[in-house]
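J.: One structure follows; several queries about it will come next.
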Amino acid sequence: MIVAGAFACAAAVWLAAAAALAPELPRPRWTHPELDRLRDAEWRWSGWRWEALRSVVAGAVGAAAWLQGWDPGVPLAIGLVAPSLVLHLRSGWRREQRRRAALAHFRAIGAALASGASLVEAIRRAVASEPDAIAVRPFARALHAFSVGASLSDGLRDAVAGAHSRTRPALLTLALGVEERLPIARLATLVESVVERLSFDEQVEAEVRARTSGARLQIWLMAAIVPLLGVYLVATVPIVADVLTSELGRRLLIPAAASLELAGVVLARRAVRDVTA
């Protein structure tokens, strides 16, 4: 017992000394994966509040399904996914608005350069003329980096990470022009070529949307009509009501129909997004 106590005391002293002398371990940092989308959607929600909202929605949908006698598993999953889907739609719409505003920003920069202003002053004017702070976030980041001592080209390159995928080549082109120390007239020509490229992309996107508008409208109409038709058949045809309220209907037919409807809507959106990205 004495030997065991001595060993225990020695181990305790050794562990205490090791803990005191050991370097402090870095604390793991976790960022909510949808935090950027919450900011882009202009929803002032923290990560835990957003997860609380998703949990409340999922619980409400699951409870409603349980009260109807359905298996709450699929409704719970739908309740968890539905808020994120709404968030993605909202943030995607706002990102597209800001991406379209980038063309006006580059035009303003080109006009300021053509009038003889420096590139920093031209970017500052474009930022000051835009009331939406998130729309000019890449340019604002570049100006902030420049104001704290970094070069303007490095600031533009660092701002690429937070820009739209179509705006990134334009920012990199502008950064390359700064690195090459082009004169103001050459920079104005460079920005003009960037504006032409962005304008061409806008025209291509408009044409793709026009060509696919009919098919996308049909998909949205079917997504609205099919559930209403199902409710009508359940109310008027007893055989259909028996099938849909059975185990086969609750566990297979209704989830499969909802999945196909959701897949059609997602593919309709990707038909435009993938071509114009």
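The values are calculated or read from the model by the stated rules, or taken from the named source; none is laboratory data. Fair warning: this is a prediction, and the values are worked out from it, not measured in the lab. Here Cβ is always computed from backbone atoms with ideal geometry, including for glycine, and neighbour counts include all displayed protein chains.
J.: Looking at R95, R99, R107, R157, which is the one that is out of contact with any helix residue (DSSP H, G or I) (no Cβ under 8 Å at 6 or more places or on another chain), crowded, with 17+ Cβ neighbours inside 10 Å and within 30 Å of E179 (Cα to Cα)?
T.: Values: R95 fails: out of contact with any helix residue (DSSP H, G or I) (no Cβ under 8 Å at 6 or more places or on another chain); R107 fails: out of contact with any helix residue (DSSP H, G or I) (no Cβ under 8 Å at 6 or more places or on another chain); R157 fails: out of contact with any helix residue (DSSP H, G or I) (no Cβ under 8 Å at 6 or more places or on another chain).
Going through R95, R99, R107, R157 in turn, just one is out of contact with any helix residue (DSSP H, G or I) (no Cβ under 8 Å at 6 or more places or on another chain), crowded, with 17+ Cβ neighbours inside 10 Å and within 30 Å of E179 (Cα to Cα): R99.
J.: So which of V195, V204 is touching a residue at least 24 places away in the same chain (Cβ under 8 Å), exposed (fewer than 13 other Cβ atoms within 10 Å of the Cβ) and under 21 Å from R99 (Cα atoms)?
T.: Values: V195 fails: exposed (fewer than 13 other Cβ atoms within 10 Å of the Cβ).
Testing whether each residue is touching a residue at least 24 places away in the same chain (Cβ under 8 Å), exposed (fewer than 13 other Cβ atoms within 10 Å of the Cβ) and under 21 Å from R99 (Cα atoms) leaves just V204.
J.: Hey, among R209, R216, which residue is at pLDDT below 80 and either surrounded by fewer than 15 Cβ atoms within 10 Å (Cβ to Cβ) or among the aromatic types (F, W, Y) (or both)? Break it down into steps so the answer makes sense when it comes.
T.: Values: R216 fails: either surrounded by fewer than 15 Cβ atoms within 10 Å (Cβ to Cβ) or among the aromatic types (F, W, Y) (or both).
The match here is R209.
J.: Residue under question is A175, and the condition is that it be surrounded by 15 or more Cβ atoms within 10 Å (Cβ to Cβ), of a type in the set (A, V, I, L, M, F, W, C), at pLDDT below 85 and in contact with a helix residue (DSSP H, G or I) (Cβ under 6 Å, 6 or more places away or on another chain); does it hold? Don't jump to the end; show me each part of the working.
T.: Working: surrounded by 15 or more Cβ atoms within 10 Å (Cβ to Cβ): yes; of a type in the set (A, V, I, L, M, F, W, C): yes; at pLDDT below 85: no; in contact with a helix residue (DSSP H, G or I) (Cβ under 6 Å, 6 or more places away or on another chain): yes.
No: the conditions fail for A175.
J.: Same structure, new question: Which of the residues that make up region 229-267 are among the acidic types (D, E) and surrounded by 14 or more Cβ atoms within 10 Å (Cβ to Cβ)? Lay out the reasoning, then the answer.
T.: Quick first cut of region 229-267, residues among the acidic types (D, E) only: 242, 247, 261.
Matches in region 229-267: E261 only.
J.: Select from region 137-154 the residues that are loosely packed, with under 15 Cβ neighbours inside 10 Å and under 25 Å from the mean Cα position of the chain (by Cα) and list them in ascending order.
T.: Within region 137-154, H144 is the sole residue that qualifies.
J.: Another question, then. Which of the helices (runs of 4 or more DSSP H) contained wholly in region 58-158 include at least 1 residues that are touching a residue at least 24 places away in the same chain (Cβ under 8 Å) and closer than 30 Å to R250 by Cα?
T.: Answer list for region 58-158: 73-114.
J.: Does region 23-45 contain at least one residue that is modelled with pLDDT of 80 or more, in contact with a Gly (Cβ under 7 Å, 6 or more places away or on another chain) and assigned to a helix (DSSP H, G or I)? Let's see the steps before the verdict.
T.: Filtering region 23-45 down to residues modelled with pLDDT of 80 or more leaves none.
Scanning region 23-45 turns up no residue that is modelled with pLDDT of 80 or more, in contact with a Gly (Cβ under 7 Å, 6 or more places away or on another chain) and assigned to a helix (DSSP H, G or I).
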